[in-house]
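Here is the structure we will look at, set down as structure tokens.
The values are calculated or read from the model by the stated rules, or taken from the named source; none is laboratory data. These figures come from a predicted structure and were not determined experimentally. All Cβ positions, glycine included, derive from the backbone under ideal geometry; neighbour counts span all protein chains shown.
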Amino acid sequence: MSGDAGPVHDLHDLAILDALEAIGAETFASQVWRVTRKGRDPLRPGAAGGRWSLPGGFEVLYTSLEKAGALAEVGFRLSLEPVWPSRLQHEIHALSARLGRALRLADLGKLQTLGVDTARYAGFDYAATRAIAAAAHFLEFDGLIVPSARHTCLNAVIFPDRLNGNAGIEVETTEAVGWGAWRGR
């Protein structure tokens, strides 16, 4: 066995794997929202890393079940800049998402049982959420339904490489984002 990554328990917490398998998969079909820089393919996933993905790991498509949630997620990141990046243009896309094996972790209580410090969920300590996402990806779930850290709604974190069968994502509509109006709220 030399040269391989070792047994599964070296890569994933067995308690998390068992807990996720016990929760089980469900089908998910809904309109979801995604904000991208103008001109970027809204179905192109990213591997840069985030709350539910490791940098350089498997690719994810971050979406929100509410338009305001998608805007809040990207608006928060932009607000961290010393000066609001006024030249950046963004678009918001309504997408039709169908998942065959979604993992619903829709409340903070469920995340807490999996090791997430829910009092600090809105912060930047992603170790526990990334471990959950890596285990879910390993178990071949095609996405997660999780609470947004920036808005009172749910997000759908989709693993495009796990989509198969009738699962898929399609663009329904696209419109420009008016950050001035959003910031005025």
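Of the residues making up segment 63-95, those that are of a type outside the set (D, E, K, R) and in contact with an Asp or Glu (Cβ under 7 Å, 6 or more places away or on another chain) are Ser64, Ile92, Ala94, Leu95.
This table checks each residue for (1) under 24 Å from Leu88 (Cβ atoms); (2) touching a Pro at 6+ places or on another chain (Cβ under 8 Å); (3) of a type in the set (Lys, Arg).
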site	(1), (2), (3)
Gly100	no, no, no
Ala127	no, no, no
Glu140	no, no, no
His151	yes, no, no
Leu154	no, yes, no
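Within segment 56-72, residues that are over 13 Å from Ala94 (Cβ atoms) sit with their Cβ atoms under 6 Å from residues that are charged (D, E, K, R) and surrounded by fewer than 22 Cβ atoms within 10 Å (Cβ to Cβ), at 6+ positions apart or across chains, in these pairs: Ala72/Arg150. For segment 104-116, the criterion of being of a type in the set (Val, Ile, Thr), at pLDDT 95 or above and under 15 Å from Val60 (Cα atoms) is met by none of the residues. The set of residues in segment 167-185 that are in contact with an Asp or Glu (Cβ under 8 Å, 6 or more places away or on another chain) and either closer than 23 Å to Arg101 by Cβ or outside any loop (DSSP other than H, G, I, E, B) (or both) comprises Ala167, Thr174, Glu175, Ala176. Being hydrophobic (A, V, I, L, M, F, W, C) and out of contact with any strand residue (DSSP E or B) (no Cβ under 6 Å at 6 or more places or on another chain) is the filter here, so list the residues in segment 21-42 that pass it. Matches in segment 21-42: Ala22, Ile23.
Of the set (1) of a type in the set (Phe, Trp, Tyr); (2) surrounded by fewer than 17 Cβ atoms within 10 Å (Cβ to Cβ); (3) under 17 Å from Ser148 (Cβ atoms), all apply to Trp84 but (3). Report whether or not Gly123 is part of a loop (DSSP other than H, G, I, E, B), without any contact (Cβ under 8 Å) to a residue 40 or more places away in the chain and closer than 26 Å to Gly56 by Cα. In short, yes. Of the residues contained in segment 22-32, none is found to be in contact with a helix residue (DSSP H, G or I) (Cβ under 6 Å, 6 or more places away or on another chain) and either within 22 Å of Ala134 (Cβ to Cβ) or at pLDDT 95 or above (or both). For segment 135-153, the candidate set comprises residues that are out of contact with any strand residue (DSSP E or B) (no Cβ under 7 Å at 6 or more places or on another chain) and not in a loop (DSSP other than H, G, I, E, B); within that set, the residue that is surrounded by the fewest Cβ atoms within 10 Å (Cβ to Cβ) is Phe138. For segment 59-66, the criterion of being over 17 Å from Gly168 (Cβ atoms), among the charged types (D, E, K, R) and in contact with a Cys (Cβ under 6 Å, 6 or more places away or on another chain) is met by at least one residue. Taken over segment 154-166, the criterion of being more than 9 Å from the chain's Cα centre (by Cα), crowded, with 18+ Cβ neighbours inside 10 Å and not in a strand (DSSP E or B) is satisfied by Arg162, Leu163.
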